[in-house]
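Below: the structure, in C-alpha cells.
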Amino acid sequence: MTERDVAGFLWGVATGAHQTEGNNLASDWWAMEHAPGSFVKEPSGDAVDSYHRWREDMDLAAGAGFTDYRFGIEWSRVEPVEGFFSRSAVDHYRRMVEGARARGLRPFVTLHHFTLPLWFSATGGWLRTDATEKFLRYVETIDPVLADGVEHVGTINEPNIVAMLATRREGDAPVFSRGLPLPDPNVTDAMIEVHHATRAALKAAHSHLRVGWGIAVPDCQPEPGAGSVFASYVRPRDEVFAEAARGDDWLGVQTYTRIRVGIADGQPVEIVGDAPRTLTGWEYYPQALGGALRRIAGVVGDTPIIVTENGIATDDDERRIDYTRAALASMHEAIDDGVDVRGYLHWSLLDNYEWGDYTPTFGLVAVDRATFERRPRPSLRWLGAQHRYRH
Ligand code: BGC
C-alpha cells in the first residue's frame, strides 16, 4: 500500500436504520413484524431509539477513536406514502451528517438496508417495472443529505441477501439462518439495474461521492471432491454481485463466517460440522474475513474493497475481542499479499434489532432495552485503538 492509501484507511463502526432507529411504522418490516403468524419472534418496537439518540451514539464512536460512522437512511421515513416526501426526515438525516462531521467522523451512508416503504413492497417491490424510477426519486429527495459532508455512499446493503430472501416461502427457516435459497434471478437483475442507475445519478450530481455497495461474502470453501460444483454455488450467491461492482468506487465485503461447500447428488450442499457456533448459529471462524477478501478480490477487478461489516454475536465480550483480533490479522495478511482493502467498519456499534429478535448481540456497546442506556463494553475502546494505518 502507498502512504496515501494508508492515510485514508476507513476505521469505523456500522449501524443500520431499521435495526437502531425504532418505530419505522411505514416500512414493510414493521408490517411483517406485526402480521398474525409472523415468523418474527419479537417486533423491532423502539429498537435502540437511535432516531433520537444518534448524538450519543456518535459521541461513543468518536470518543473510542473511530474515524468513520456508517448509518442508514430509511426510505420509509422519507417517503412514508407514495409521493409524500417528508422534509423533516430529510432534515433529520442532514443533521446526522453535520453531527458526524462536527465530531470528526466521516459519515458513510447506506441508502437501502433491507426495509422498504410498505407501499412499494406491497405493490411488487423490486420487481415493479418502475422500481428504478421510484428509487431514483427517493435518492433525488435526499440530495440535501448527500450534497456535502458525505464521501461514501452505499446504494443497497447486501443485494444478494435481498435476492435470496425474495424466494423465501412462509414456513421457511428464520431469516439469516444457513441454507438460504439461491438468489431470485429477476431480483438479482433488478438490484444490479437499480445500483448502476443510482451510481450514475449520484456521480452526475456530485462527482466527489464515492459510490458502491456492500455484499454478503462468506468465506466459501470447497470440500474435497466439490471443486466441480463450487462455482455454481458461489457465482449466483455473491460473485455476480461483485462483478457488478466493477467500475464502482469501492466494493463492500461483509463477512461473518465460513461455509463449507460439499457435493451430494451432483449438487452443491452446505456441510454443517460440529465446530463452535456464535449466537446467530454461525460457525466461529474469524479468519473467514481474510478468505472472503482473497476470493472476492479475484472477481472485482480493479475496484478497491472496504470491509463494510464484520463482527460476532456473542454474550462474551472477551470472545468478541478474540474474534475481531483474529479477523483483523487475516485482513492484514490479505492486504500484505496485495488485496486492495481501504477500510474496516465493524458490525456493530450497538446491540440492535437482529431481524427477528434482540438475542444475537453484536454491539461494542450494550443497550438497556428498558432505558436505552448505552453501556460501552471493553471491546469498544480496544477496537478503536487498533487503527494500524493512522499517521
Ligand atoms: C446485515 C446486518 C445484520 C448482520 C448480522 C448483515 O447481514 O447487513 O443487518 O445485522 O449481517 O446478521
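Side notes on the structure shown:
- Residue match in the range 257-270 (condition: closer than 30 Å to His208 by Cα and either in contact with a Gly (Cβ under 7 Å, 6 or more places away or on another chain) or within 16 Å of the ligand (Cβ to nearest atom) (or both)): no
- Restricting the range 89-116 to residues that are in contact (Cβ under 8 Å) with a residue 60 or more places away in the chain, over 16 Å from Asp148 (Cβ atoms) and in a strand (DSSP E or B), the residue that is farthest from the ligand (Cβ to nearest atom) is Leu111.
- Hits in the range 223-256 - residues which are in contact with a Ser or Thr (Cβ under 9 Å, 6 or more places away or on another chain), of a type outside the set (A, V, I, L, M, F, W, C) and either within 16 Å of the ligand (Cβ to nearest atom) or in a strand (DSSP E or B) (or both): Gly252, Gln254, Tyr256
- Any hit, the range 11-28, residues being crowded, with 24+ Cβ neighbours inside 10 Å, more than 16 Å from the ligand (Cβ to nearest atom), outside any loop (DSSP other than H, G, I, E, B) and in contact (Cβ under 8 Å) with a residue 24 or more places away in the chain: no
- Check on Ser121, under 20 Å from Asp28 (Cα atoms), surrounded by 15 or more Cβ atoms within 10 Å (Cβ to Cβ) and without any contact (Cβ under 8 Å) to a residue 60 or more places away in the chain: no
- The residues of the range 304-322 that are buried (at least 16 other Cβ atoms within 10 Å of the Cβ), assigned to a loop (DSSP other than H, G, I, E, B) and away from the ligand (no atom under 16 Å from the Cβ) amount to a single one, Pro304.
- Residues within the range 351-372 that are touching a strand residue (DSSP E or B) at 6+ places or on another chain (Cβ under 7 Å) and within 11 Å of the ligand (Cβ to nearest atom), tallied: 3
- Flag if Leu328 is away from the ligand (no atom under 15 Å from the Cβ), over 16 Å from the mean Cα position of the chain (by Cα), among the hydrophobic types (A, V, I, L, M, F, W, C) and part of a helix (DSSP H, G or I): yes
All of the numbers you see were taken from the coordinates with simple rules; none came from a lab. Owing to the predicted nature of the structure, the values given are computational and were not obtained by experimental measurement. Glycine gets a Cβ as well: all are built from the backbone with ideal geometry, and neighbour counts include every protein chain shown.
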